[in-house]
Amino acid sequence: MADFVQNLQSEITAAVEEAEGPDGGRFFRDSWVRKEGGVGISCIMQDGKVFEKAGVNISIIASKAPEQMLAHMRARKREGIDKGPYNMFVAGISLVLHPHNPMAPTVHANYRYFELVEEGGDHTKPVAWWFGGGCDLTPSYLFEEDAVHFHKVIKQACDKHDAGYYPKFKKWCDEYFDVKHRGERRGIGGIFFDDLENKDPNEIFEFVHDCGHSFVEQYMPILEKRKDLPYTEENKRWQQMRRGRYVEFNLVHDRGTKFGLATPGVRIESVLMSLPLKARWEYGHTPEPGTPEAKLLEVLKNPKDWV
């Protein structure tokens, strides 16, 4: 899993820099060591030619599991987890790409593995282990062919392993990325799964591996079609309001943000790298009926099956 997230980070950052072109933005690579145990690399780009902000982060952590985190797991009804003490191993990748052009969608993906072992225990006999992750697309303007492509690619990756994965995880994604206080989804979905432990761990790892390595095919063709389309200041304003909704979900509802902030020694910059460089809130704004903005909102309030 550690090798997988490192290789995937290199693959995705290379694709993003290629999209930026020879005179475009480049990632700042911030390598870090966690004193409690663990390492990571945060790759961040701001004010690129194509991307307003892009982050592709990995972390590989091995340390004592903090009680606050264990309490959070017990609250989620994880069986067999008492007060410990436990050691944990976590390896994951998390990325968010925010393009400048309002016609090009924001995208998010993350894939991770978590394991708990009794302190001084054997890693071949974990107390608990699971995989989690997913991907989702957040457009400001809806192009249905883009939604179909994004979902089709990840469905193909799912279907290689279990025909039940895509419909189950697509529904889970629509339910998870729900900005409940707004009555709308954050975007047009993808897949989401957590606590996945119902098969041999090697089988699940292969599934996660294929999903991760599908990302470039999922997103980059969409970006290429949209990144140079013309747009107006009004389009940009709407994009910034949609990014305001993105911020609301991530800070109010997102489980990953809460999990990160509950981790001792957490790097706040890495946890909050998903937030856009610019966002906007307007009091009582409602799109005019029949506009592209209203069309997007209709889909966010009533998720569709795209494939």
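Looking only at residues in segment 96-124 that are at pLDDT below 95 and assigned to a strand (DSSP E or B), which one is nearest to HIS209 (Cα to Cα)? So that I can check it myself, show each step before the final result.
Here is the first cut: in segment 96-124, the ones at pLDDT below 95 are 114-124.
Filter again for assigned to a strand (DSSP E or B), leaving 114-118.
Details: PHE114: 15, GLU115: 17, LEU116: 21, VAL117: 23, GLU118: 27 Å.
This residue is PHE114.
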Next item on the list: Could you give me the residue pairs with C-beta distances under 8 Å whose first residue belongs to segment 21-37 and is under 14 Å from LYS53 (Cβ atoms), whose second residue is acidic (Asp, Glu) wherever it lies, and which are 6+ apart or on separate chains?
Entry: GLY24/GLU17; GLY25/GLU17; GLY25/ASP47; ARG26/GLU17; ARG26/GLU20; PHE27/GLU17
Next item on the list: Working only within segment 285-306, note down all residues that are more than 15 Å from GLY183 (Cβ to Cβ), out of contact with any helix residue (DSSP H, G or I) (no Cβ under 7 Å at 6 or more places or on another chain) and not acidic (Asp, Glu).
Entry: PRO289, GLY290, THR291, PRO292, LYS295, LYS304
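Residue-by-condition table, conditions (1) farther than 24 Å from ASN302 by Cα; (2) not acidic (Asp, Glu):
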{"position": "CYS158", "(1), (2)": "no, yes"}
{"position": "TRP172", "(1), (2)": "no, yes"}
{"position": "VAL179", "(1), (2)": "no, yes"}
{"position": "GLU184", "(1), (2)": "no, no"}
{"position": "PHE193", "(1), (2)": "no, yes"}
{"position": "ASP200", "(1), (2)": "yes, no"}
{"position": "GLU224", "(1), (2)": "yes, no"}
{"position": "ARG245", "(1), (2)": "no, yes"}
Note to self: Just to be sure I understand the filter: pairs with C-beta atoms under 8 Å, separated by 6 or more residues or on different chains, first member in segment 201-217 and outside any helix (DSSP H, G or I), second member at pLDDT 95 or above. Which pairs pass?
What the structure shows: HIS213/LEU8; HIS213/GLU11; SER214/VAL153; SER214/ILE154; SER214/GLN156; SER214/ALA157
Next item on the list: Take segment 157-186 and flag every residue that is under 21 Å from LYS295 (Cα atoms), of a type outside the set (Lys, Arg) and outside any helix (DSSP H, G or I).
Entry: PHE177, ASP178, VAL179, HIS181, GLY183, GLU184
Notebook entry, point to check: Any chance segment 197-219 includes a residue that's closer than 26 Å to LEU251 by Cα, among the hydroxyl-bearing types (Ser, Thr, Tyr) and touching a Gly at 6+ places or on another chain (Cβ under 9 Å)?
Noted result: no
Next item on the list: Looking at (1) in contact (Cβ under 8 Å) with a residue 40 or more places away in the chain; (2) assigned to a helix (DSSP H, G or I), find the lone condition where LEU229 falls short.
Entry: (2)
Checklist line | Matching residues, segment 46-62, being of a type in the set (A, V, I, L, M, F, W, C) and either buried (at least 23 other Cβ atoms within 10 Å of the Cβ) or in contact with a helix residue (DSSP H, G or I) (Cβ under 7 Å, 6 or more places away or on another chain) (or both) | finding: VAL50, PHE51, ALA54, VAL56, ILE58, ILE60
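The values are calculated or read from the model by the stated rules, or taken from the named source; none is laboratory data. Note that the structure is a prediction, hence the values are computed from the model and not measured. Backbone-built Cβ (ideal geometry, glycine too); neighbour counts: all protein chains shown.
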